[in-house]
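Worksheet: one structure, shown below.
The values are calculated or read from the model by the stated rules, or taken from the named source; none is laboratory data. Worth saying up front: this structure is predicted, and the values here are computed from it rather than measured. Note: ideal-geometry Cβ built from the backbone for every residue, glycine included; neighbour counts use all protein chains shown. Accessible surface areas use protein heavy atoms only, side chains included; no ligands, DNA or RNA. Shrake-Rupley method; radii C 1.70, N 1.55, O 1.52, S 1.80 Å.
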Amino acid sequence: MHDREQSYERRLRPEATVDDLDFDLAASFLAGTRDGRNGSAVEQLEQYGLITPSDEGWQVTNAALLLFAREPADRWHPQAGIGVFRVTGTRRLPGRAGNVNRAGRADPPLARAVDEIRRITRAHIRRSDALRDIFYRDLPEYPDEAWQEALMNAIAHRDYRMQDRRAEIWFFDDRMEVVSPGELPEPVTIETLREGKAGAAARNPLIARVLADAGYMRAMGRGFGRMRASMAASFLPSPEISEKGKLFTVTLYKEPTFETAGPGWSYLVRQLPISGDQKRILIARPDGFSHVDYQQLNSVHEDEAKKRVQELVERDIVCRDFDTGDEITRCYLTAELDEARWFLEDRLPALREHFRKDPWLRSSDYRSLFEINIRDAGKEIAQLVELGFLRPEGRGRGARYMPTAALRG
């Protein structure tokens, strides 16, 4: 990394004095650091190299102003904050079709902005239905460690020489992007980041050290690895990184790395008298799996995985395929369960759409929806009642059916 890339944060601002710094903010922010337990705020700032003594008093660095400037702090850097935007869809549209909404922003100083931008970002991260179906508990669309690491890197390592662009967070229907002004500092490259060989290079080591000591960051040079591990632990795709137009972007996708079955199948699996781990593999891998898949998905020992898969075979939930020629045999749903799964995948979406317009369903409605005869409609409706998706009301010609919570879910 060249000295010129370190120069902005270390550069002294001759027009600034220590009176331009918010020492209450600095003292509060640094209180939990190793150096913050001793000495005054001025002494702490000196220890970090944020201010330096001179014959006329103190000289103030850009890093000190970025972190702890008094309001209005943006007079020292008009674009030091972070903006948040939400896009309806998966790409931005121009003109009248514009689909971008400003979702918030956090203004400098950075010591105040870090908590505010984390609060705003967290508020825009929804709960993931796909992950809940797999893990049986509410989980965020993006793991906390992954998006916070991307966000803090954008704050700590952006090029503050670029004063015409904020760091930005963009929420799309399928992903979130964290955009940081500036190209990667040498010798870091996209390739070294992906390979985990970036080392501890930092464009703004003063700012990074303060944020790390205050507990907002961890050891430098390992951030992308932590993001990747956090995403993998939630079975989400590895973060994507890119450089374009002097902007560095980290993209996190929220769809699991495997195709999960629909909510109807998830509901049916949850009714089976098997363990949570066994339900998880049936939801995550409805088109077939091996004991290795079971082991990886549930983080269990190989012998435990083999035992649990064998139990599914013995309960006639799955059957083994010995004819593939592979060294590791795969298991598939039994014909009866697979038929039930595809029946639900086909019928439930249309039924949900029907109940958005009509509070109940009659046999004639069902026949019209799926273009089947009265006998088959009666069998299918009875099956949906038995499975817990429809609730009957009335008898004979007055019979009608109401959706249960399983269908609405």
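Exposure check, 1.4 Å probe, all protein chains in place: TYR216 carries approximately 40 Å² of accessible surface. In percent, rounded to a whole number, the relative contact order of the chain is 11, using alpha-carbon pairs under 8 Å and six or more apart.
How high is the relative contact order of the stretch 1-149, in percent, with contacts defined as C-alpha pairs under 8 Å that are six or more residues apart? It would help to have the intermediate numbers written out before the result.
Working: 181 pairs, mean separation 26.8, N = 149.
Result for the stretch 1-149 is 18 percent.
Sparse packing (at most 10 other Cβ atoms within 10 Å of the Cβ) combined with a DSSP loop state is found for the following chymotrypsin sites (Phe, Trp or Tyr not before Pro) in the stretch 311-409: PHE322. Computed from the C-beta positions of ASP338 and GLU186, the FRET efficiency with R₀ = 45 Å rounds to 0.25.
Taking label positions 7 Å along the Cα-Cβ direction at both ARG222 and ARG13, the computed distance is 3.4 nm, reported to one decimal. Taking the accessible area of the chain, probe 1.4 Å, and keeping the other protein chains in place, the carbon and sulfur fraction comes to 46%.
Looking at the square roots a ≥ b ≥ c of the eigenvalues of the Cα gyration tensor of the stretch 349-409, which shape do they give, rounded for a/c under 1.5, prolate if a/b is larger than b/c, or oblate? Since a/c stays below 1.5, the shape of the stretch 349-409 is classed as rounded. Under the combined filter of DSSP loop state and at most 15 neighbouring Cβ atoms within 10 Å, the stretch 232-285 retains these GluC sites (Glu not before Pro): GLU259. Ranked from largest to smallest solvent-accessible area, with a 1.4 Å probe on the protein heavy atoms, GLU327, GLU168 come out as GLU327, GLU168.
Of the GluC sites (Glu not before Pro) found in the stretch 12-119, those in coil by DSSP whose Cβ has at most 13 other Cβ atoms within 10 Å are GLU15, GLU56.
What's the tally of Lys pairs in the stretch 162-318 whose alpha-carbon atoms lie under 24 angstrom apart, where the two lysines are 8 or more places apart or on different chains? Present the calculation step by step, with values, prior to reporting the outcome.
Values: LYS197/LYS244; LYS197/LYS246; LYS244/LYS254; LYS254/LYS279; LYS279/LYS306; LYS279/LYS307.
Lysine pairs satisfying the spacing and distance rule in the stretch 162-318 number 6.
Charged side chains reduced to their Cβ positions (Lys and Arg at +1, Asp and Glu at -1) give the stretch 161-311 a dipole of some 460 debye around its Cα centre. Among ASP159, ASP174, ASP129, the largest mean-square fluctuation in a Gaussian network model of the chain (Cα springs under 10 Å) belongs to ASP174. Computed from Cα atoms, the angle from the helix 302-314 axis to the main principal axis of the chain rounds to 30 degrees. Look at where the Cα atoms of the stretch 354-386 and of the stretch 274-340 average out, and the two centres are 33 Å apart.
Taking 1 over the mean of 1/r across every pair of different Cα atoms in the stretch 8-123, what Kirkwood radius in Å do you get?
Numbers: mean 1/r = 0.0628 Å⁻¹.
The Cα-based Kirkwood calculation yields 15.9 Å.
Loop exposure criterion: trypsin sites (Lys or Arg not before Pro), DSSP state outside H, G, I, E and B, at most 14 other Cβ atoms within 10 Å. Applied to the chain, the longest stretch between such sites is 316-394. Helices in the chain, meaning DSSP H runs of at least 4 residues, each add -39500 (n - 2.57). Divided by all residues, the mean residue ellipticity at 222 nm is -12500 deg cm²/dmol. Extension gain, ARG400-ASP55: 0.36 nm per intervening residue step, less the Cα-Cα distance, totals 115.2 nm.
Straight-line cross-link partners of LYS379 among the aspartates and glutamates, defined as a Cα under 15 Å from its Cα and at least 8 positions apart when in the same chain: GLU339, ASP365, GLU371. When P(r) over Cα pairs in 10 Å bins from 0, in percent is calculated for this entry, the matching label among (1) 4, 21, 31, 26, 12, 4, 1, 0; (2) 4, 18, 21, 19, 15, 11, 8, 3, 1, 0; (3) 4, 19, 25, 20, 13, 9, 5, 3, 1, 0 is (2).
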